[in-house]
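The values are calculated or read from the model by the stated rules, or taken from the named source; none is laboratory data. Everything quoted here is computed from the prediction, not taken from an experiment. We place every Cβ from the backbone using ideal geometry, glycine too, and count neighbours over all the protein chains shown. When the accessible area is computed, the model is the full protein with side chains, heavy atoms only, and any ligands, DNA or RNA have been set aside. Shrake-Rupley method; radii C 1.70, N 1.55, O 1.52, S 1.80 Å.
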Amino acid sequence: MEISLLTSKFLGGMLGSALGDAIGELAFRYPRLDLLETAVEHRVELRYTDDTAMAIGLAESILENRGIDTQHLGDTFRADYEREPWRGYAGGPPTVFSRARQEGIPYVQASKDLFGGNGSFGNGAAMRIAPLGLFFHRSQDLYAQAAASARVTHAHPAGMDGAAVQAFAVAEAAKLDPEEAIRADVLAQKLTEFARTPEIRQKMALVKNLIAEKASPEAAAEKIGRTVAVHQSMPFAIYSFLTHPHSFRRCLFCAVLNGGDRDTLGAMAGALSGSYLGLRAIPEAWREKLENREYIAQLASLLSQLHERLFS
């Protein structure tokens, strides 16, 4: 059955993010291209981590509320964590879930209290943001919705800003025609101007400069950073996409084979590439191996349908 280009982009963005997560997780054990390709080929199933588990929860909550309800989103995240705590969650979200439940406070308050009241600026809100970037890609409310979704677990201004910039990048990718040449410099500038914190704005400006200088992936990763902080990971995912816009495979391998938080880099880069190129650009053999792929595809299709009803 033929699907519309928009639906293909929703499917590509969400399945691409999940595959990037799963293949990025393998890259920790197989950090060379030949080893990773062989590992992917021999896997019967490509299993995702908390990155995709939380993206699924975000999609479910958006469908339920037609946007972001932070308490509902926190409840959804907490239920998913309690059902599958082995997905690889970092310490922050479970702490938020536990405090909110035990003390009867909103998730956003428990999140804000982390790290001495500063909140987390990790990449955990950006890694899961693909459904929101796709759903709100025509909305002027994208930044506010992305920041609200981030605030449930990552209340630091940079944590929210990084999630919003990644969501905006997904949104812009969804709006671009994959048959036309992409202007990497123009998109990098738009992302720089969209950012609201100095941490994210400076790194997005750096991405633009690295692309102009034709910096190698190794040099770009070194200059951007390799930690789980959102400003030292998310910009490299965008670099990987902008330097390999017409190949999902090359974009993904660039993101996950240069160190750092490989599964999350894969999730973010895969979301961008899939949202731009659409479903068919993702290798079918990879898609067929993805854990829970039918449900993820169903969520993507439902989000596309709801988006059309609300924003067309």
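Scan (1) within 18 Å of the chain's Cα centre (by Cα); (2) aliphatic (A, V, I, L, M); (3) open to solvent by less than 10 Å² (accessible area, probe 1.4 Å); (4) within 21 Å of residue 158 (Cα to Cα) for the single condition residue 144 breaks and write down its number.
Going through (1) within 18 Å of the chain's Cα centre (by Cα); (2) aliphatic (A, V, I, L, M); (3) open to solvent by less than 10 Å² (accessible area, probe 1.4 Å); (4) within 21 Å of residue 158 (Cα to Cα) one by one, residue 144 breaks only (3).
Would you check which residues across the stretch 202-230 are under 20 Å from residue 160 (Cα atoms) and touching a helix residue (DSSP H, G or I) at 6+ places or on another chain (Cβ under 6 Å) and list them?
Selection gives 203, 204, 205, 207, 224, 225, 230.
Sort through 199, 180 and tell me the only one that's open to solvent by 10 Å² or more (accessible area, probe 1.4 Å), within 20 Å of the chain's Cα centre (by Cα) and either under 18 Å from residue 270 (Cβ atoms) or not basic (Lys, Arg) (or both).
199
Touching a residue at least 60 places away in the same chain (Cβ under 8 Å), farther than 25 Å from residue 7 by Cβ, assigned to a helix (DSSP H, G or I) and among the β-branched types (Val, Ile, Thr) - does that describe any residue in the stretch 30-53?
Yes, the stretch 30-53 has at least one match.
For a quick check of your reading of the model, give me the residue pairs whose first member lies in the stretch 278-296 and is closer than 10 Å to residue 16 by Cα, whose second is of a type in the set (D, E, K, R) and surrounded by 19 or more Cβ atoms within 10 Å (Cβ to Cβ), with beta-carbon atoms closer than 6 Å and at least 6 apart or on different chains.
Correct list of pairs: 278/9.
Find the helices (runs of 4 or more DSSP H) located wholly in the stretch 198-312 whose residues include 2 or more that are at negative phi and among the hydroxyl-bearing types (Ser, Thr, Tyr), and list them.
234-243, 262-277, 293-311
Can you list residue pairs whose Cβ atoms sit under 6 Å apart, with the first residue in the stretch 159-178 being within 13 Å of residue 136 (Cβ to Cβ) and aromatic (Phe, Trp, Tyr) and the second being in a helix (DSSP H, G or I) and open to solvent by less than 10 Å² (accessible area, probe 1.4 Å)? Count only pairs 6 or more apart in sequence or on different chains.
Matching pairs, first to second residue: none at all.
In the list 67, 119, 91, 124, which residue meets the criterion of being small (Gly, Ala, Ser), touching a residue at least 60 places away in the same chain (Cβ under 8 Å) and within 21 Å of residue 232 (Cα to Cα)?
124
Would you call residue 300 open to solvent by less than 10 Å² (accessible area, probe 1.4 Å) and not basic (Lys, Arg)?
yes
Please indicate, with yes or no, whether at least one residue in the stretch 231-239 is closer than 19 Å to residue 126 by Cβ, without any contact (Cβ under 8 Å) to a residue 40 or more places away in the chain and aromatic (Phe, Trp, Tyr).
Within the stretch 231-239 (the criterion being closer than 19 Å to residue 126 by Cβ, without any contact (Cβ under 8 Å) to a residue 40 or more places away in the chain and aromatic (Phe, Trp, Tyr)), the answer is yes, since at least one residue qualifies.
Let me spell it out: the conditions are (1) open to solvent by 10 Å² or more (accessible area, probe 1.4 Å); (2) among the small types (Gly, Ala, Ser); (3) over 20 Å from residue 126 (Cβ atoms), and residue 260 meets all of them except one. Which number is the exception?
Answer for residue 260: the failing condition is (3).
Between a first residue in the stretch 146-157 that is free of Cβ contacts under 8 Å to residues at least 24 places away in the same chain and a second residue that is surrounded by fewer than 24 Cβ atoms within 10 Å (Cβ to Cβ) and in a helix (DSSP H, G or I), which pairs have beta carbons less than 8 Å apart while being 6 or more apart in sequence or on different chains?
If the second residue must be surrounded by fewer than 24 Cβ atoms within 10 Å (Cβ to Cβ) and in a helix (DSSP H, G or I), the pairs left are 146/168.
Closer than 22 Å to residue 216 by Cα and modelled with pLDDT of 95 or more: which single residue out of 257, 299, 279 fits that description?
Result of the check over 257, 299, 279: 257.
Applying the selection to the stretch 56-113, what residues are closer than 24 Å to residue 139 by Cα and of a type in the set (Gly, Ala, Ser)?
Residues satisfying the conditions are 57, 59, 61, 67, 74.
The rows are residues; the columns are (1) closer than 28 Å to residue 15 by Cβ; (2) in a loop (DSSP other than H, G, I, E, B).
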position	(1), (2)
78	yes, no
81	yes, no
95	no, no
101	no, no
111	no, no
120	yes, yes
127	yes, yes
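Which is touching a residue at least 40 places away in the same chain (Cβ under 8 Å), farther than 13 Å from residue 20 by Cβ and either touching a helix residue (DSSP H, G or I) at 6+ places or on another chain (Cβ under 8 Å) or among the aliphatic types (A, V, I, L, M) (or both), of 264, 243?
243
State all residues of the stretch 6-30 that are within 15 Å of residue 252 (Cα to Cα) and over 21 Å from the mean Cα position of the chain (by Cα); if no residue qualifies, say none.
30
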